[in-house]
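Written out below as structure tokens is the structure these notes cover.
The values are calculated or read from the model by the stated rules, or taken from the named source; none is laboratory data. These numbers were taken from a predicted model, which means no experiment stands behind them. All Cβ positions, glycine included, derive from the backbone under ideal geometry; neighbour counts span all protein chains shown.
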Amino acid sequence: MTTVPEPLDRRFREAAASAGLLDVAYDYADSPVGRLLVAASNRGLCMISYDPEPDRELDWLSASFGARVLRSPGPVDLARRELDEYFEGERREFDLRVDLTPLPGFQRTVLEELVRIPYGHVDTYGGLARRIGKPQAARAVGGALNRNPIPIVVPCHRIVGAGGRLTGYAGGLERKQALLGLEGALLA
Amino acid sequence: MEAVAQRPPFERFYEERKDEIFGYLVRLLGRQAAEDAFQETFLRALRAYGKLTHGRHLRAWAFTIATRVAIDVRRRPTAATNEAPEVPVVDRRPAYAELEHLADRLPPAERAAVVLRYGYDLSYDDIGAALGSSAEAARAAASSGVRRLRRKETT
């Protein structure tokens, strides 16, 4: 069977992105917390996924942003570079635009507020609930964080349990610990 | 509720189809022209993909686009090529495989009909759609193509 030569495959993927024909472009990035799938829509970074099983991620991206989802490195280069700088300790804030448009309103509110918690700081679920004016909603805030599609850049690792306990993290507690350790925010 | 076959993410469609479509284009156009036609085929597919309302018949749809691109390429005077198309190493239809090296001398539509039918087992309905005609016309094109090939072989 004839197979597509690699340079031809790459050329098509680049052409598709530069012609503006994609709803979402994605690629993989290696990081100290494992391999990440990084995806961008036309409006900005829309997904970072730990332990990617591409079928699952692609289905979600396709349902959320449109079916024209293609692996193409160009549109996610900037995000990968900023992630590298972050993991090297050279970047404390991301300059990336993020796209949270497919998310339900409450979850967006939570995640947009979360972005204001600075590097190296932490808050609690209850604290974040108060910040958005819903002091009773700590549990719902936890649910919204658990389904955060853009961890690291939308820093749900900066939310800890009351009393500073490291509680659940969709990417696993070891990763949460690693990210907080990198930021110098590790709690006793 | 019966599930409607959804369009898969384009990446999955592309990965499933790219080698077969490239092989088809190589058969129709030769290696070099096939490379340009390959990119054009999947860019056209991508342009249309957003408007597809379901995920049925995607294989035939991909062949349709590739066929149209190939016919356009062969009609462009500057793209005329004397390069011999690659003869596939394995073919499920040896009788056709023995004739295929002659197929580049057929008119583009006949050639596409012959290759789609005997090289890829597409139905005449799908071939008719690919050629922008009917199943009957596709059947006629394929059989006239094969007759012409047999004659070429004996001359």
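Here are the numbers for this structure:
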read-out	value
Residue within region B:9-20 that is closer than 17 Å to residue B:53 by Cα, facing another protein chain (nearest Cβ under 9 Å), not basic (Lys, Arg) and not in a helix (DSSP H, G or I) present	yes
Sole residue being more than 10 Å from chain B (Cβ to nearest Cβ), more than 19 Å from residue A:148 (Cα to Cα) and surrounded by 15 or more Cβ atoms within 10 Å (Cβ to Cβ), chosen from A:32, A:73, A:52	A:73
Count of region A:1-45 residues which are in a strand (DSSP E or B) and either closer than 16 Å to residue B:9 by Cα or in contact with a Lys or Arg (Cβ under 8 Å, 6 or more places away or on another chain) (or both)	13
Selection count, region B:111-144, where residues are buried (at least 23 other Cβ atoms within 10 Å of the Cβ) and not hydrophobic (A, V, I, L, M, F, W, C)	2
In region B:21-55, residue nearest to the other protein chains (Cβ to nearest Cβ) [restricted to those that are farther than 11 Å from residue A:68 by Cβ and assigned to a loop (DSSP other than H, G, I, E, B)]	B:55
When residues of region A:35-49 are limited to those that are of a type outside the set (Gly, Ala, Ser) and within 13 Å of another protein chain (Cβ to nearest Cβ), the one nearest to the chain's Cα centre (by Cα)	A:47
Condition met for residue B:69 (modelled with pLDDT of 90 or more, buried (at least 22 other Cβ atoms within 10 Å of the Cβ) and not small (Gly, Ala, Ser))	yes
Cβ pairs under 8 Å, 6+ apart, first in region A:160-188 and surrounded by 14 or more Cβ atoms within 10 Å (Cβ to Cβ) and in a helix (DSSP H, G or I), second modelled with pLDDT under 85 and of a type in the set (A, V, I, L, M)	A:176/A:166; A:177/A:166; A:177/A:186; A:180/A:166; A:180/A:186; A:180/A:187
Subset of region A:19-29 that is touching a strand residue (DSSP E or B) at 6+ places or on another chain (Cβ under 9 Å), farther than 16 Å from residue A:51 by Cβ and among the aliphatic types (A, V, I, L, M) - its residue that is nearest to the other protein chains (Cβ to nearest Cβ)	A:21
Residue within region A:50-71 that is free of Cβ contacts under 8 Å to residues at least 12 places away in the same chain, among the acidic types (Asp, Glu) and not in a helix (DSSP H, G or I) present	yes
